[in-house]
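Single-structure report; data block below.
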Amino acid sequence: MAIDRIFKDEASEEKGERARMASFVGAMAIADLVKTTLGPKGMDKILQSTGRGREVTVTNDGATILKSLHIDNPAAKVLLDISKVQDDEVGDGTTSVVVLAGELLREAEKLVATKIHPMTIISGFRMAAECARNALLEKVVDNKADSEKFRSDLLNIAMTTLSSKILSQDKEHFANLAVDAVMRLKGSTNLESIQIIKKPGGSLKDSFLDEGFILDKKIGIGQPKRIENAKILVANTAMDTDKVKIYGARVRVDSMARVAQIETAEKEKMREKVQKIIGHGINCFVNRQLIYNFPEELFADAGILAIEHADFDGIERLALVTGGEIASTFDNPESVKLGHCDLIEEIMIGEDKLIHFSGVAMGQACTIVLRGASHHVLDEAERSLHDALCVLSQTVNDSRVLLGGGWPEMVMAKEVDALAKKTPGKRSLAIEAFSRALLAIPTIIADNAGLDSAELISQLRAEHQKEGCTAGIDVISGSVSIETKSLVNLLSDYHDVGDMAERGICEAFKVKQAVLLSSTEAAEMILRVDEIITCAPRRREDRM
């Protein structure tokens, strides 16, 4: 007699080998998808949504690509998650983390095929990751004490981050913008106070950084165009009740005069509200909602600049920057904290008028105005700049820096290999596999640039056997940049032929560490799977 099945009819399960296959395949497919976007010569993807308007996004930011996919494979979702966390935590390395996890699984799959137990592989991976991290820790450089050097480190990191993005053509320009903006934050990682405004028109080179705060709004008609020593009340309140708006409510009146009376009453209410607001002793009123003509008129008469519909996400930012608080009731003026700034004026950017607040209370505030050919370019530029800003703000806190260009991976792989040779038992196979997976990153960077990766990687590996080597792949000139001076001399002297230190290709330690640890953990999680159970889809009952 057949055993009754545990699951409902349409639920399915896959056990053992099949489940593992399914999860490996899914994870590797995701890794292959974003693989081509890695490195300075990485390609972009066009994502087209099926929704209304068929929005098109052109991007090579790993997290953005993965966020937009609808994925059914459970293992692929794990990778999707790590890229998202990488984006939230450190902002860059979203592609690397997925690729590394995919490569680890590719290696693990071979080991599982030779009947090595997943737990053995996992424990090997754990040892290898620990070893790789220590290898990096030995090689980090920290220039926090020397502000000149530290700034040049930050610039290098920004340029390295941007070199794989759309901004790579003007990377010096944008690296400077990003570093200036982050230096103003004085060590906070809160990027709220850096506002990015996108204005189509002009070229990317026309982008600039503005001290102070710019609101993407016009100043209303008949209002002061310039206010010095502004006292600002930031509010979120309805200023549109001076006309009778009756939706769905039925009001019975016996004559038109009564309607007029209701309107007058509404107007009086509005006037009282405006009087209360003016009573705060302000000369600028910023509201998140609409302001109708009547209250606007009242404000203009009182010489108060009224700004309506201040940008939705930015109203908190505006309050933060001017040092005020968002008010919604105006009965007791003494408890409301007003914002302050030295000067409010109207400026022109391209075709548009905007409002510029200068000398704001929060000194770290600034606005980056991006110009570019089209919305797509601007969106991608914003994503790239955001990556750079995140990495920089993290580096200001944790100022340890590594060289880039596949150099950290080579250093880690070398140490991990050495560990594998010392480790007895089957775990050594897993450790070796880990070092192969690490080498995949420089390999992919070289492949994406159309170089002969096998040749380059073997050259690199030979170089790295020497002490204090700083060789990495230089995709721009298409060669292994080789230099074997000791690190000490290197840092005192950045100018030497063809190596990563001289090219100024740097990465933040924090980003590398996050990539390493997240991808190991994700690979481990997928390796532990031996059964996939898919629930039966819920049915809609026919409601007749």
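The values are calculated or read from the model by the stated rules, or taken from the named source; none is laboratory data. Computed from a predicted structure; not experimentally measured. Cβ sites come from the backbone with ideal geometry, for glycine too, and all protein chains shown count toward neighbours. Each accessible area value is taken on the protein alone, full model and side chains, heavy atoms only, with ligands, DNA and RNA left out. Shrake-Rupley method; radii C 1.70, N 1.55, O 1.52, S 1.80 Å.
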Inset, instruction - Take the Cβ-Cβ distance between Glu334 and Met256 as r, set R0 to 60 Å, and report the resulting FRET efficiency rounded to the nearest 0.05. - result: 0.90
Inset, instruction - Mind jotting down the three principal axis lengths of the chain based on Cα atoms? Whole angstrom, largest first. - result: 95, 80, 40
Inset, instruction - Relative to the longest principal axis of the C-alpha atoms of the chain, give the angle of the C-alpha long axis of helix 509-527, reported between 0 and 90° and rounded to the nearest 10°. - result: 70 degrees
Inset, instruction - Determine, for each peptide in 347-359, 31-43, the mean count of other beta carbons within 10 angstrom over its residues, then list the peptides with the highest first. - result: 31-43, 347-359
Inset, instruction - Averaging over all projection directions, find the projected area of the Cα convex hull of segment 347-445 and quote it in nm² with one decimal place. - result: 10.8 nm²
Legend entry - Label-point gap, in nm, between Lys269 and Asn236 - each point 7 angstrom along Cα→Cβ: 2.2 nm
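Over all directions, average the projected area of the Cα convex hull of segment 24-89 and note it in nm².
4.9 nm²
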Inset, instruction - Sort the following peptides by mean Cβ neighbour count (other Cβ atoms within 10 Å, averaged over residues), highest first: 131-137, 119-125, 431-437. - result: 431-437, 119-125, 131-137
Inset, instruction - Express the Stokes-Einstein translational diffusion coefficient of segment 45-201 in µm² s⁻¹, to the nearest whole number, given a Kirkwood radius over alpha-carbon pairs, 4 °C and a viscosity of 1.567 mPa s. - result: 68 µm²/s
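Which translational diffusion coefficient, to the nearest whole µm²/s, is obtained for segment 1-115 from the Stokes-Einstein equation, given a Kirkwood hydrodynamic radius over C-alpha pairs, 37 °C and 0.692 mPa s?
Here the translational diffusion coefficient equals 206 µm²/s.
Could you compute Rg(Cα) / (2.2 N^0.38 Å) for segment 110-263, with N its residue count?
1.99
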Inset, instruction - Using amide H atoms built 1.01 Å from N in the peptide plane, name the residues 5+ places from Leu185, or on other chains, whose amide H lies under 5 Å from its own. - result: none
Inset, instruction - Over segment 1-154, give the accessible area per residue in Å² for a 1.4 Å probe, as an integer. - result: 53 Å²
Inset, instruction - Show Arg540, Arg126 ordered by accessible area, largest first, where the area counts protein heavy atoms only and the probe is 1.4 Å. - result: Arg540, Arg126
Legend entry - Per residue value of the accessible surface for segment 301-459 (all protein chains in place, 1.4 Å probe), Å²: 38 Å²
Inset, instruction - Might you tell me the accessible area per residue for segment 167-213, computed with a 1.4 Å probe and given in Å²? - result: 43 Å²
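Taking 0.36 nm per residue of separation and subtracting the Cα-Cα distance, what length does fully extending Arg538 through Ile347 add?
Details: separation 191, 0.36 × 191 = 68.76 nm, distance 5.66 nm.
Result: 63.1 nm gained on full extension.
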Inset, instruction - Enumerate the amide H contacts of Leu343 below 5 Å, restricted to partners 5 or more residues apart or on another chain; note that Pro and chain-start residues carry no placed amide H. - result: Asn229, Ala230, Ser358
Inset, instruction - With the full set of protein chains in place, find how many percent of the accessible area of the chain is carbon and sulfur; take the probe as 1.4 Å. - result: 51 percent
Legend entry - At R0 = 41 Å, FRET efficiency that the Cβ-Cβ distance of Arg54 and His309 yields, to 0.05: 0.90
Legend entry - Over 19 Å (Cα to Cα) - which of Lys165/Lys205; Lys231/Lys353; Lys41/Lys110 fall in this group: Lys231/Lys353; Lys41/Lys110
